[in-house]
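The values are calculated or read from the model by the stated rules, or taken from the named source; none is laboratory data. Model, not experiment: these values are computed from the prediction. Backbone-built Cβ (ideal geometry, glycine too); neighbour counts: all protein chains shown.
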Amino acid sequence: MDAERSSSETPPGPRGLPIVGADPAMILGRLDFRTRVAREYGDYVHWQGMRGPVYQFNHPDDIEHVLVQNNQNYVKGESFQQILEPLTGNGILNSHGEEWRRNRRLIQPAFHPERIEVYAGMMTGFTEGMCRTWSDGETRLIHDDMMELTLQIVAKALFGVDVEDHLAEIGAALDAYLPASSSLANVILPKAIPLPSRRKMRDARDTLDGIVDEIIQERRRNPGDDVVSKLLFAEDGGHELSEQQIHDEVITLLTAGHETTAVSMTYTIYLLSQHPRVERQLVAELDEVLGERTPEMGDLPGLSYTERVIKESMRLFPPVPIIVREAVEPDTIGGYSVPAGATVYASQWVVHRDSRWYDDALAFRPERWTDELEASLPRLAYFPFAAGPRRCIGDRFAMLEARLILATMYQNYHLELRSDRNIEVIPTVTSRPKEDVVMAVHER
Ligand code: HEM
């Protein structure tokens, strides 16, 4: 932080166009824009956007200030809501204040470490099921496989339901929704204006609404030990939750709980296909710890290289590449004043690839994750799951799932990339690959 700087100064940054400012460059330039402005202007970047001043902070300490120390001043404002609210309504991801606290309190027990252990068998069971449908030498669209796998896992673990019959519908709805919601027109134009992208978003939401209603009805008929049943019988200040509230929570968990993990698995598989030495070391660990046994919770402490592979993959390809907040009150960061209403960005993509924190930052080197590295890093130099009170509620679930999926898959298969080596990332809410990732699967 530069204490000498007058707090009336504005950080440097791109100038942009009249009225729309640098927003089009930001949206069309995607992650390259984020990286370029960080490298060109430094830790504090400012530009004028359609909705007013925009800041991108690139130093881990300032990001910690926004997400942790002064988190109550940084809410999920209009830029966040414009993209996600039409899908996830007022569920835990979007809500604020008391309503968010209630949502988090109701959902948290499903993510208790003891509860999560119960999910391990489902995670390996579905992965083995997927592997059984593969035949030696065939080619697969691996991201589609990962989306279906993680969707089945989250639906079974959290809601106690099988969604096998709806996999294609849910996949198509998200394929339509996510790019439309992050399109230039949706992001910069006021909500009231009808747009083709908004029509696509509504149609996708209608499809998902139907499926979520079915899940809720099923749990109403046969309540169990799952999140939906808990929400159905929860009391909030003496009242039951409304149908809409329950609906919004279920759709939030269904979507937030699978796309991110699928993205992280796809990039991990891609990186392994490009780094045979790392794959050999991973398989050697699996052979030594598991042999031909299905992995279980108790095996995880022995699978430390597997965990480092996933950590390193989420460093280079963070499934959520950017976090956005809106300042409630004026604040001062790095000696610069941040006015109330300003949009504030922090990008995992930019920070995780910054050579100040990581040697040879663009190289995939799982072995870099030593205790010494972790102790030397600023806290927010690695934040795939965000930080502070709005940190991902599913972080443990996701790390358990990623390790078990990877271990089960690589015990049985070697995957060989058949599509383009240069994967282009589309930063919607997540870092989805733009094109199909085609892999040939070979039995070990
Ligand atoms: C590799 C996998 C995952 C990554 C990288 C990830 C990342 C994130 C990030 C960065 C946030 C914060 C977003 C923000 O504040 O703007 C978040 C929030 C959230 N995530 Fe995850 N997530 C993952 C998996 C999961 C899973 C498996 C679930 C549920 C089963 C889940 C449920 C949620 C929910 C409900 C929130 C909102 C929490 C709140 O606002 O209180 N996530 N996630």
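Observations
- Test: residue in the range 267-281 that is at pLDDT below 95 and part of a loop (DSSP other than H, G, I, E, B): no
- Filtered residues of the range 25-57 (kept if within 22 Å of the chain's Cα centre (by Cα), at pLDDT 90 or above and among the small types (Gly, Ala, Ser)): Ala38
- Criterion applied to Val75, Val68 was being surrounded by fewer than 21 Cβ atoms within 10 Å (Cβ to Cβ), more than 21 Å from Val212 (Cβ to Cβ) and in contact with a strand residue (DSSP E or B) (Cβ under 8 Å, 6 or more places away or on another chain), and the one residue passing it is Val75.
- Enumeration of residues in the range 149-165 that are assigned to a helix (DSSP H, G or I) and more than 15 Å from the ligand (Cβ to nearest atom): Glu164, Asp165
- Those strands (runs of 3 or more DSSP E) of the range 310-420 in which 3 or more residues are of a type in the set (A, V, I, L, M, F, W, C) occupy 322-327.
- Checking every residue in the range 241-249 against the condition of being more than 16 Å from the ligand (Cβ to nearest atom) and in a helix (DSSP H, G or I) gives at least one match.
- Tabulated pairs, the range 393-405, first within 18 Å of Thr255 (Cβ to Cβ), second outside any helix (DSSP H, G or I) and near the ligand (Cβ under 7 Å from one of its atoms), C-beta under 6 angstrom, 6+ apart or interchain: Gly394/Gly257; Asp395/Phe385
- The residue that is surrounded by the fewest Cβ atoms within 10 Å (Cβ to Cβ), among those in the range 268-291 that are touching a Ser or Thr at 6+ places or on another chain (Cβ under 8 Å) and among the hydrophobic types (A, V, I, L, M, F, W, C), is Leu271.
- Residue match in the range 253-266 (condition: more than 16 Å from the ligand (Cβ to nearest atom), under 24 Å from His96 (Cα atoms), in contact with a helix residue (DSSP H, G or I) (Cβ under 8 Å, 6 or more places away or on another chain) and in a helix (DSSP H, G or I)): no
- Out of Ala185, Ala168, one residue alone is more than 20 Å from Gln152 (Cβ to Cβ), small (Gly, Ala, Ser) and in a helix (DSSP H, G or I). It is Ala185.
- Condition check for Pro14: modelled with pLDDT of 90 or more, in a loop (DSSP other than H, G, I, E, B) and over 20 Å from the mean Cα position of the chain (by Cα): yes
- Meets criteria (at negative phi, within 12 Å of the ligand (Cβ to nearest atom) and of a type in the set (Val, Ile, Thr)) for Ile27: no
- Condition met for Glu312 (acidic (Asp, Glu) and in contact with a Gly (Cβ under 9 Å, 6 or more places away or on another chain)): no
- Top-ranked residue of the range 110-130 - restricted to ones that are within 13 Å of the ligand (Cβ to nearest atom) and in contact (Cβ under 8 Å) with a residue 60 or more places away in the chain, ranked as surrounded by the fewest Cβ atoms within 10 Å (Cβ to Cβ): Phe111
- Selection of the range 358-390 for residues being surrounded by 14 or more Cβ atoms within 10 Å (Cβ to Cβ) and within 11 Å of the ligand (Cβ to nearest atom) yields Phe383, Pro384, Phe385, Ala386, Ala387, Gly388, Arg390.
- Residue in the range 97-104 that is in a helix (DSSP H, G or I) and in contact with a Ser or Thr (Cβ under 8 Å, 6 or more places away or on another chain) present: yes
- The range 221-240, residues that are surrounded by 13 or more Cβ atoms within 10 Å (Cβ to Cβ), out of contact with any Gly (no Cβ under 6 Å at 6 or more places or on another chain) and either outside any helix (DSSP H, G or I) or free of Cβ contacts under 8 Å to residues at least 60 places away in the same chain (or both): Pro223, Leu232, Ala234, Asp236, Glu240
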